[in-house]
Each structure stands twice: as C-alpha cells, then as structure tokens.
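The values are calculated or read from the model by the stated rules, or taken from the named source; none is laboratory data. The structure displayed is predicted, hence computed values, not measured ones. Here the Cβ positions follow ideal geometry from the backbone for every residue, glycine too, while neighbour counts run over all protein chains shown.
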Amino acid sequence: MNALRVEQLTITLPNDVKLCDQLSFTIEPGRVLALMGPSGSGKSSILSWITGTLAKEIHASGELWLGGTSLVGVPTEKRRLGLMLQQDYLFPHMSVDQNLKFGLQSGDKVERERKITESLGNAGLASLQHANPATLSGGQRSRVSLLRSLLSEPCALLLDEPFARLDSQLRQQIREFTWAACKELPVLLVTHDKADIPAHADVLELADNHA
Amino acid sequence: MPHFVAHGRVLAALAAIGVALLFTAPLLIGLTGTIAPAFGLMPELAPGNGFLQLLEDPRFLPALKLSIKTGVIATLLVLLFTIVALVCLHKTRWWRWMLAALPPLLAIPHAALAVGLVFLVAPSGWIVRLFSPWLTTWERPPADWVVPDAGGWSLIAGLVMKEAPFLLLAAAAQLPRLNVDALLKIGLTLGYSPARCWSRLVLPTLYPRIRLTLFVILAFNLSVVDMALLLGPGNPPTLSVLLLSYVHEPGFRAAASAGALMLAVGMAAFFVAVILIEKSIAQVAKRRRESGHRGHGIGLFRQIGKYSVVALILCSVFTLVALLLWSFTQRWRFPAALPDTFTARHWLGRSDLLLDPLWATILFAMFSCVATLVGAMVWLEAERLDAVKKIDWLWYVPFFIPQVTLLFGWQAASLITASDGQWLTVAYAHWVYTLPYVVLILAVAWRELDPNWNNAASVLGAGYWKVLFRIRLPLLIKPVLQAMAVAVAVSVAQYLPTALLGAGRHNTLAIEVVTSFGGVDRRVIATLAVLQSLLPLIVFSLALLIPAAMQQKQQQHS
Amino acid sequence: MNLFPQSLRKCLLACALLLPVQLPDAASVDDSWADVVQEARGQTVYFNAWGGSDRINAYLEWAGKQLQSEYGVSLIHVKIGDIAEVVGQLEAAKAVGRDTDGNVDLMWVNGENFAALKRNELLFGSFTGLLPNTAYVKQAPSITHDFSIPVEGLESPWGGAQLVFIYDSAVTKTPPQSAIELMTYIKDGGRFSYPAPPAFHGTTMVKQFLSELTDDKAALASPVGEADFDAATKPLWAYLDELHPMLWGKGKSWPTSGEQTRQMLDDGEVDIAISFNPNEAAAAVKSGQLADTVRTYTFSEGTIGNTHFVTIPYNAKAAAGAMVAANYLVSPEAQARKADPEYWGDPTVLDIDTVPSEMLAKFSEIDLGVWALPLGSGKTLSEPHASWAQALEAAWIERYGQ
C-alpha cells in the first residue's frame, strides 16, 4: 500500500477567498488524518479536489500523489479512492448485492459472488444480500456503503462526516466497524466531532476563512 | 484544466451545439422563408405585393379582429379560471381530486377535444339530447344557436378547456415553493377574507412565476390553427386559418407570408401591451394592499366559483364520453339521450381507416420521443459538464412564433429543396416542436439531482457512460418517462407541421380528425378522435405505472 | 427512367393530333399502351383526391388493391380537403422549377381547377387517347367539355354528378321544387342552409340559384369577362339578401360541406341536405347515417350537373403508373362498383351500350333502392363557364364573408 500525499494545495473560491493556502500533508497506509475546522473552512472542498469532483467555478492548484503516481488529471473513476459521505448514497434502484457488485472489480463470477457473501457475512449482513436498500436501517446502510467502497479495492479512503447522521448508540458501533475494516489504507477523515477521531489518528485543524 | 476533462467537454460542447443548431436552423429558415416572400423577395414563388393583397381582401380585417377577440378573451378566461380554482378549491376536498383529473385532460389532443365539444354543445348535441324533450319540450333541435358560432365563442370555450388545466397545473406546482399555507394563515389571522388573502398575499408572488406560461397560452390562443378550423367561425375564419387558405390558393403566398409576419409582429405588440397592463395593475394592487380593507368573505361566491370550476372539468370529461359513445353508435337520432343501436364496426370493420393513420401517428411519436430525449440529454449533459451555457430562453422561441409564421417559410424552403412530403421533413418538424417541452421538463430534474450520486459512482470506478446509464438515468426515471410521455402527446397533437410539410402524404390521426371533420361520418370521426386521445393517455399511464412497477418488483425481492 | 416521359410525350402528342377527328389506330395504341403498362409496373402513384368521404376512401383503397394485383402499380390516396390546394402546390412547384419528380402523379379535378391547370400549363398532356378503356366512355358534351372548357384528352372522365336534395319524407311532405319555392318554404319555418362558397357544394348551390334567377341565361355559357356580371347577378344577390337571415346560422355561420348538411338533416338541424351524388342517400341509409324515410329529388326545372375527371400533372414522377390507374378507373369493373351505392354510388361515365355484355351484369345488379334519385328523373342544367365560379365566389365573399 502507498501513502496519500497532498502538496502545496491552494483552493480559491470565485470571490477570491482562499479556502486553503499551500496546504501539504501525507497519510501513510494504516494511518488516519482527521481534518477539523469550522464549517466553510474548506474541509469538503479538499476532499472533492482529491476525488476530482470539485465544482468547476472553484479554482484549485497543487499536487496529489498516491505513492509514486500523480493523480492530478486522472479521471475520478481511475483514481481508485474510496469515498463515504454523510449520506450513504446507496443506489435506490439496485438491491444490496447489486450495489456491492457495482463497486466490485470485474472478474470471475463465482469469485465475485464469494467476495460479496463473505464481506456481507463478516459485516453481519448476510441475510440482507438481496434486500432493497430502502428497507435497511441507518446502521445497515452505513455498513453496506462502506463495504461497497472497500470492495472496489481502493488505495485510499476518504470519509466526509460519515457518522454524523447516525444516532449516538449506533455511531460508536459503526466507528469501530469502519476502523477495523480499513486498517491497511491511508484514511482521510473530515469531521467536526472529536469523538469520531480514533486513537491512531493525526489531526489537522483548518483555519476559519470567514474573516 | 486536466486534459481528459477538456477532451470530453469539447465533444460534449460539439454535440450540444449540434443539437442547438438543428433546433435553431429551421426557426431561422422558416422566418426567412416567410419574411422574404412577404416583401416580394421571392417573386417566382410568391408574386405580387403580399401586404396589398392582404388589405384588399375584405375578410382580412374581420379575421384579424376575430383572432384578437378569441385569443384575448380565451386567455383572460384561462387566467380567471385559474385564479377562481385556486381561491375556491385550494384546501377543500375537491383540490386533490382536481389535481389528479387535470393531467389526463391536458393530454387530450386539441383536435379530439374540439370535435367532442361540438358533439356536446351543438343544438343537436348530447347536452340538449339529455334534457329533451322531457325538460325542454324540444322535439327538434333548437334553432337559437349554432356550433361553431359566428362570434367565435365555441372556439373560446374550446381554448379555455384546453389551456386552463395547463395554467392551473403550472400554478399548483408553484404553491409549495411559495409557502402558501403560512401566507394564508397569517392573512386570515390578520382578519382578511380568504379571497383577499389570495389577491394580496399569494397572487403577487405567484403571478411572476406563471407569467411565462400565461404568455405561451396567449401566443397559442392568438395563432391556433387546428382548433380554429374545427371550432372557429368559417366566414370569415380566424386570421391563422385565413392565412392557411392563402397558402393553398394559387398566387396568394405573398399575402399568406405577409399576414403571417403581421401576426408575429402583432403578437409581440400584444406582449408589450400585457406588460404595460401588468404594471398598472401592480400599481393598483399595491395601493389596495396598503389600504387595510379586509373585505367580507362571501361564501356564495366561493360556492359558485367552486362549481363552475368543477363544471368545466366535467365538461372536458363529457366530451370524451360523447366521443366514446359516438364511436360505438350505429344509429342515434335526436332527441334520444343515448344511441338507439350500438355497433363495434367503426372499430373493427374498417381497420385500414384507423390503422394507417394510427401507424403514421405512432411512427412520428416514437421518433419524436426518442430523438428529443437524445437531444435533450445531449444538451443537459453538456450543460452539466459546463461545456455550454444555460440558455433556457432559446427553447421558448417556438412557443412565441406563431406556427403559421414559422411553417409557411419552412414549407417554402422545403418546396425549393424538394424535401416537402418526405417523412424525415415532417419528423424533423415534430422534433423541433417537441424538443422544448422535453428539455424544459428534464432540465429541472437534471439540474437538481445531487451531484454526489455521480461522484459516488465515479469513485467506485464507473466511467462516464456507465454512470449516465446505470445511475443517472435510473435515478431520473420518473421525469425521463414523463418527458417521453409529453413528447408523445405533443407529437400526436401536431396538426399544422404535418399538414404543411407532409404535402398530404402523412395522414396522422390529427390530420384525419381535422380534415374529415366537415364531411366524413360522425361516428368515424369520433372513433379517430378517441384513438387519438387514447395514445397520450396510454403513454401517460405507462409513465406513471412503469416506475411504480419497478419499485414494487424491487420490494418483492427483499 | 428519365427518358421515358419525353418519348411518351411525343407519342401522346401524336395521339392528341389524331384525337379530334378519330380514335388512333388500334394497333399503335395497343403497342404504346403495352409499353406504358410495362413502364408502370412497380411504380408508386400518388393520387391526390378529396378525402372527405370514407366510402370514397374505401373505394380507392379497393381500386389500389386491384391495381397492385393486376398491374403491379401501388396507388396511394393522398387525401385532400380541397383540390385547389394541389393546384396551388403545382404552381409553387413550377415557380421554383421543380419540373420533374413532382409530388402528385394523379389528381381528381374538374371545373375551375381544371381550367387553372390548363391555363397555366400544369398538365402532363393529352393522354386519354392512349387508354384502352376510353373506348367505352360516353360521347356527350358534358364529357368532352368540362364547365364549357374543351377537355382535349388532358383529363380522363371518372364519374358523373348532379346537384340533388335529400329530405326526410316523415318530416317534410312537399319539398320545394325551385329556388323561389325554397324561399317560401323557409319563410314558413322550413330549416335550410348551404355551405359557404368557396366550398364546392356552396358554390354549386349559388350557381343553381343564379341559373334559375338570372335574366341573362345565355351569358352563363361564355367566359364571365364577356358578360355584364353585375346585371346578370343582380336577382341572385337580391334573393340571397332576403334568404340568408332565415337560414340555419342566420347567414353568419355556415356548414363546411355538403356532407355536413347530410349529418344536419339526420340531426334535425335542417330539413334538406345538399349532395352532388344522386345515390348518396341510398348509401347513407344502408350504413345507418340517415333514416330510411329519406328521399332524393331535384328541382322540377332541373339542377346543375357535371362530370369529374382525373388528370396527370406536368411534373408527375410516375406518369405511366398514373395512366394505368386512370385507365383502370374507367374500366367497366371499376365503374360498376363506383355506381353501386353500396360502395360509392356515383353515376357512370361509360356508355352502357358499348360495354361488353359479360361486364354489363355488374351494372344491372346494382340496387339503388327508394332512397336514391329515381333513374331518369332529374333534368340536368349545364355548369356555367368555369370562369364564373371564381367571380361568383369572390362576389359572395365580398358581400357575405365579413
């Protein structure tokens, strides 16, 4: 596994406000970097820039490396990043296994089926293989969403307030599930809740840009 | 800019510009083909001075007056109907029922509605038959009125029945965004009567949002051809119909073009006039708002308003029932309330009479449906990728140029290029008239869909096309199917483009209903009109049922 | 393919030169006709014809099937509201120089539209001499002249027609027998109206009134330019001025066609329907569109009658196919079916005496019933010269069209 490296990232809004200026950080595999800061400080924009889905009117410059490969200019679908957002974005027109297959790399049919059954089993979701996402509970949806990301065999994982919408009892459970599931990846976590941050994480505080 | 994105965007931009050019080219060619003959610039095709020919025709001024009268009165009544329906029905148990009834009524083609209306309100029509002779003592139809009447009131009634649901639905769609319930509550607690709450609190914010629709309706009412042929007076007819007869009259193309041009200019003048009237009404309304008058809520008025709205809707439903009855009639003499003898032979006996036009109609409708969907998707995707700018006004252009103005010129061009009468020419015209609806309907959903759906799929490794077809389209299935249904409905209703560019070779149901109205067996016309109405009703039902069925299938799985 | 019309034209020219004196030599006709038939095979003929009657449409559907199976010609009926539209289309085509591969191969025409086509040289040429079935056609002035204009082989006769009136004998005991009686009948509460000119039935009705009322009957046979129009039509306008306020629609609304007056008769909105087909009532009763108490009649001094034709435009794409179709339409087989009210009910243009006896049976089988105009009744008045129609229409619109 390779480290995720951001160098000299500057993001400028159309009104010339700089969300971040010459920001650099590196996340080694197995490490978590928690990005913290007030809303509007640019946390989500940094994440969007890393996935290559930043809105066109926002200007950004900087370098992005995954190990020795530059990701700048690589289409989103070729970056091999896992992404979890506040909402789970389970595709409502696909069942749970179809959602997972959408994430899974192509290959041998039996092997793919096995991977899905196995991962759902490990996550305690075996009975929900053919379920309609609309019938799942919040915690189940979060887990399926994470599984979908992991099955796409990402080289890094980006989490944007992934636990914010869960109720407090579930939250701790999903946190543990998440950190256990992505032990070997570099993980970037955006949050405003200190309780989300695991013990092995580094923390990067962003300044308030609303001056 | 990353290279790959730039590359994709250039392609998207090129495709989108292609769509826009395909859309605007006939508009420009059509206008040129009308303007040039009007000013004597095409002497071979259109000899003579068109404006002089026009002014020399004793029918011109009466026809112009009639067009203005029917167009303006019908539009005012449509607006009145909408306001009355809002004030009198909103928050009553009728409201939801009405909102459910309106879309299918909106889907009934103009021609079918017009034919049905005649069957309903003529002196020997169904209404009189229902009440004769036991109530009216009429053994023979009364001679006191005729349909279509010389004053244009039948046409006005038809236009109101067709356009009122359109404006009312447009207005109803805006209500949730205006927070109407809160506005009404505040107004009522301040002591204003319900009607005053609407006129002083809701309408001032609602009107700007339905104004464009109202303008579209005014433009349509001033220039409509098919309904005017069926419901308008014949002698003289409305201006559009008179101009259409010129096109077919040897040596009168210059006059037709000049008239069509005047109609377009006159329409623009009307828009200016409406804007001025709006301004003065706004002034008055402002003063009234500040006056503090509370008004007395008059329950009777609300009751009258409520029942007149319901009556109008029932009238539309009854036109359909009248058509259906006639299509199964063998004999039905006045004053029997129902047919004396029924038969299914109009449906079964002469399949060529129904199947040929049905097939022609379906082919154009399917082409319009698929080709406009592709065109709209190309444009909206390019817009989403920031490859082209949003230019919603462009799609409104065909709504604001009278059909005769555009199509006379287009037909002249098709004569010169020998493309008249060809299937593709007619299909192209259907596409141009259908595309705006599809783009405008899809645009809302397309722009509002959370971009994170795209992003979530992309980071999982799905490329552009996979995201488009596996994620974006399925998520937007409802609006996509609705837009396709509207495309079918619009294409099925097209009369003038098919008639003018088709050189009589492409007899769709719309053409058959309009051209056979004067002569053919009433029962056959009814059958054609029912068939023409069924097509959009079927596709609208499918547009509702398919997503529901898909959802149910998924739920059964779980 | 492109060469053919040229060579055909020459051949036709030869025929046309011969025609006024005698029919061309049978052998040469047979030869060139065989060429035409061969050329026609596989062609698609666009036949622009009024499409306002579904029985006529059905008849053409049938004729198309026969043509397809017998000659390999596919006939497509292009349904037209008013054939004047097609004249306009052809003028426009000529104006823009579209002199070949036109949209129209065959068209149903007569009267002023034929006059306009002939005047503006929009016709293919004299072709009827080439058609074998022309041999059976009646040699009557109403067939050699179309509204007083010499036909000269430019159009092929298709059917006869006469203005007739249909009434319900259960409602109306003694229908009016002249324009004057009609006025009295309406004054006494009778219900009547006629389509507004330039609708065909309306124009014909106005011509009928004029023929009865004018003091200068001789003027009607010559071009309108040679007559004192105002003097000749003065009694007509006086009559109409008085008549119109008493009509259905009070002279402000008008039926759009003769067929509509038939529907109005059945609804009881009028007492008398106008038709140009002596057998229309019979067909309408059989199909359930009129009560079986209806009867057909003409005014006692006669009503306007004429012949309708088919012709080929100058830029027809499938001229050979069009000739084969025109020939088939005057065949005894097609004419017998056309005369049968079951299918159409239009008087034939054939001279029954010349029709081969095996074909004659089909004509004698036709049952007109009591509803049609009784055979032999109904004096025919000739159409005024074609130029009158337009002048009358313009004057009518000027007076009553606003």
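In this entry, residue B:356 is excluded by the filter for residues that are touching a strand residue (DSSP E or B) at 6+ places or on another chain (Cβ under 7 Å), under 30 Å from residue B:526 (Cα atoms) and of a type in the set (D, E, K, R).
Restricting attention to the stretch B:505-543, the residues that are without any contact (Cβ under 8 Å) to a residue 12 or more places away in the chain and more than 14 Å from chain C (Cβ to nearest Cβ) total 3.
Of the listed requirements (1) in contact with a His (Cβ under 9 Å, 6 or more places away or on another chain); (2) without any contact (Cβ under 8 Å) to a residue 40 or more places away in the chain, residue C:77 misses just one: (1).
Answer yes if at least one residue in the stretch C:229-245 is in a loop (DSSP other than H, G, I, E, B) and either surrounded by fewer than 20 Cβ atoms within 10 Å (Cβ to Cβ) or within 14 Å of chain B (Cβ to nearest Cβ) (or both), and no otherwise.
Going residue by residue through the stretch C:229-245, those that are in a loop (DSSP other than H, G, I, E, B) are none.
The answer is no; no qualifying residue exists.
In the set A:167, A:160, A:193, only one residue is acidic (Asp, Glu) and within 14 Å of another protein chain (Cβ to nearest Cβ); that residue is A:160.
Scan the stretch C:267-280 for residues that are more than 23 Å from residue C:305 (Cα to Cα) and either under 18 Å from the mean Cα position of the chain (by Cα) or surrounded by fewer than 24 Cβ atoms within 10 Å (Cβ to Cβ) (or both) and jot them down. Within the stretch C:267-280, C:267, C:268 meet the criteria. Given the structure, is residue A:116 more than 9 Å from every other protein chain (Cβ to nearest Cβ), under 30 Å from residue A:18 (Cβ atoms) and assigned to a helix (DSSP H, G or I)? No: the conditions fail for residue A:116.
Which helices (runs of 4 or more DSSP H) does the stretch B:86-173 wholly contain that include 3 or more residues that are within 26 Å of the chain's Cα centre (by Cα)? Step through it out loud before you land on a result.
Working: elements: B:94-107, B:110-121, B:126-131.
Passing ranges, in order: B:94-107, B:110-121.
For the stretch A:68-83, give me each residue that is more than 9 Å from chain B (Cβ to nearest Cβ) and crowded, with 20+ Cβ neighbours inside 10 Å. Spell out the reasoning first.
Going residue by residue through the stretch A:68-83, those that are more than 9 Å from chain B (Cβ to nearest Cβ) are A:68-71.
Answer for the stretch A:68-83, where residues must be more than 9 Å from chain B (Cβ to nearest Cβ) and crowded, with 20+ Cβ neighbours inside 10 Å: just A:71.
The criterion of at least 3 residues that are among the aliphatic types (A, V, I, L, M), buried (at least 24 other Cβ atoms within 10 Å of the Cβ) and within 13 Å of another protein chain (Cβ to nearest Cβ) is met by the following helices (runs of 4 or more DSSP H) wholly inside the stretch C:47-140: C:84-95.
Is it the case that the stretch C:260-276 has a residue that's more than 28 Å from residue C:51 (Cα to Cα) and among the small types (Gly, Ala, Ser)? So far as the stretch C:260-276 goes, no, none of its residues is more than 28 Å from residue C:51 (Cα to Cα) and among the small types (Gly, Ala, Ser). Scanning the stretch B:252-259 for any residue that is in a loop (DSSP other than H, G, I, E, B) and either touching a residue at least 24 places away in the same chain (Cβ under 8 Å) or not basic (Lys, Arg) (or both) turns up at least one such residue. The set of residues from the stretch B:69-83 being under 15 Å from residue B:301 (Cα atoms) and surrounded by fewer than 17 Cβ atoms within 10 Å (Cβ to Cβ) comprises just one member, B:80.
Looking only at residues of the stretch B:327-361 that are under 30 Å from residue B:20 (Cα atoms) and either in contact with a Lys or Arg (Cβ under 9 Å, 6 or more places away or on another chain) or crowded, with 17+ Cβ neighbours inside 10 Å (or both), we find that the one that is nearest to the other protein chains (Cβ to nearest Cβ) is B:360.
Of the residues that make up the stretch C:153-166, is at least one farther than 24 Å from residue C:355 by Cβ, assigned to a strand (DSSP E or B) and without any contact (Cβ under 8 Å) to a residue 24 or more places away in the chain? The answer is no, given that none of the residues of the stretch C:153-166 is farther than 24 Å from residue C:355 by Cβ, assigned to a strand (DSSP E or B) and without any contact (Cβ under 8 Å) to a residue 24 or more places away in the chain.
Taking the criterion of being modelled with pLDDT of 90 or more and under 29 Å from the mean Cα position of the chain (by Cα), the residues of the stretch C:17-38 that qualify are C:33, C:36, C:37.
Within the stretch C:246-283, the residues that satisfy the criterion of being more than 9 Å from every other protein chain (Cβ to nearest Cβ) and among the aliphatic types (A, V, I, L, M) are C:246, C:247, C:265, C:270, C:272, C:273, C:274, C:281, C:282, C:283.
Taking strands (runs of 3 or more DSSP E) that fall entirely within the stretch A:120-211, which contain at least 1 residues that are closer than 16 Å to residue A:33 by Cα and not hydrophobic (A, V, I, L, M, F, W, C)?
Values: elements: A:156-160, A:187-190, A:201-205.
Strands (runs of 3 or more DSSP E) meeting the threshold: A:156-160, A:201-205.
Just wondering, is there one or more residues in the stretch B:276-285 that are surrounded by fewer than 18 Cβ atoms within 10 Å (Cβ to Cβ) and under 30 Å from residue C:93 (Cβ atoms)? Checked the stretch B:276-285: no residue is surrounded by fewer than 18 Cβ atoms within 10 Å (Cβ to Cβ) and under 30 Å from residue C:93 (Cβ atoms). Determine whether the stretch C:312-326 contains at least one residue that is away from chain B (no Cβ under 14 Å), outside any strand (DSSP E or B) and touching a Lys or Arg at 6+ places or on another chain (Cβ under 7 Å). Taking every residue of the stretch C:312-326 in turn, none turns out to be away from chain B (no Cβ under 14 Å), outside any strand (DSSP E or B) and touching a Lys or Arg at 6+ places or on another chain (Cβ under 7 Å). For the stretch B:226-238, does any single residue satisfy the condition of being surrounded by 24 or more Cβ atoms within 10 Å (Cβ to Cβ), away from chain C (no Cβ under 13 Å), among the polar types (S, T, N, Q) and not in a loop (DSSP other than H, G, I, E, B)? Within the stretch B:226-238 (the criterion being surrounded by 24 or more Cβ atoms within 10 Å (Cβ to Cβ), away from chain C (no Cβ under 13 Å), among the polar types (S, T, N, Q) and not in a loop (DSSP other than H, G, I, E, B)), the answer is no, since none of the residues qualifies.
Take the conditions buried (at least 23 other Cβ atoms within 10 Å of the Cβ), without any contact (Cβ under 8 Å) to a residue 24 or more places away in the chain, more than 14 Å from chain C (Cβ to nearest Cβ) and over 20 Å from residue B:364 (Cβ atoms) and apply them to residue B:456. Does it pass?
Working: buried (at least 23 other Cβ atoms within 10 Å of the Cβ): yes; without any contact (Cβ under 8 Å) to a residue 24 or more places away in the chain: yes; more than 14 Å from chain C (Cβ to nearest Cβ): yes; over 20 Å from residue B:364 (Cβ atoms): yes.
For residue B:456, the condition - buried (at least 23 other Cβ atoms within 10 Å of the Cβ), without any contact (Cβ under 8 Å) to a residue 24 or more places away in the chain, more than 14 Å from chain C (Cβ to nearest Cβ) and over 20 Å from residue B:364 (Cβ atoms) - is met.
For the stretch B:198-237, residues that are in contact with a helix residue (DSSP H, G or I) (Cβ under 7 Å, 6 or more places away or on another chain) and among the hydroxyl-bearing types (Ser, Thr, Tyr) total 3.
Return yes or no: is residue B:39 surrounded by fewer than 19 Cβ atoms within 10 Å (Cβ to Cβ), touching a Ser or Thr at 6+ places or on another chain (Cβ under 9 Å) and at negative phi?
On the way: surrounded by fewer than 19 Cβ atoms within 10 Å (Cβ to Cβ): yes; touching a Ser or Thr at 6+ places or on another chain (Cβ under 9 Å): yes; at negative phi: yes.
Against the criterion (surrounded by fewer than 19 Cβ atoms within 10 Å (Cβ to Cβ), touching a Ser or Thr at 6+ places or on another chain (Cβ under 9 Å) and at negative phi), residue B:39 qualifies.
Can you tell me which residue is farthest from the other protein chains (Cβ to nearest Cβ) among those in the stretch B:462-486 that are within 18 Å of residue B:551 (Cβ to Cβ), of a type outside the set (A, V, I, L, M) and in contact (Cβ under 8 Å) with a residue 60 or more places away in the chain? Among residues in the stretch B:462-486 that are within 18 Å of residue B:551 (Cβ to Cβ), of a type outside the set (A, V, I, L, M) and in contact (Cβ under 8 Å) with a residue 60 or more places away in the chain, the one farthest from the other protein chains (Cβ to nearest Cβ) is B:482.
For every residue, the table says whether it meets (1) free of Cβ contacts under 8 Å to residues at least 40 places away in the same chain; (2) within 14 Å of chain C (Cβ to nearest Cβ); (3) over 30 Å from residue B:485 (Cα atoms); (4) surrounded by 21 or more Cβ atoms within 10 Å (Cβ to Cβ).
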residue: B:85; (1), (2), (3), (4): no, no, no, yes
residue: B:89; (1), (2), (3), (4): no, no, no, yes
residue: B:97; (1), (2), (3), (4): yes, no, no, no
residue: B:114; (1), (2), (3), (4): no, yes, no, yes
residue: B:120; (1), (2), (3), (4): no, yes, no, yes
residue: B:125; (1), (2), (3), (4): no, yes, yes, no
residue: B:129; (1), (2), (3), (4): no, yes, yes, yes
residue: B:136; (1), (2), (3), (4): yes, yes, yes, no
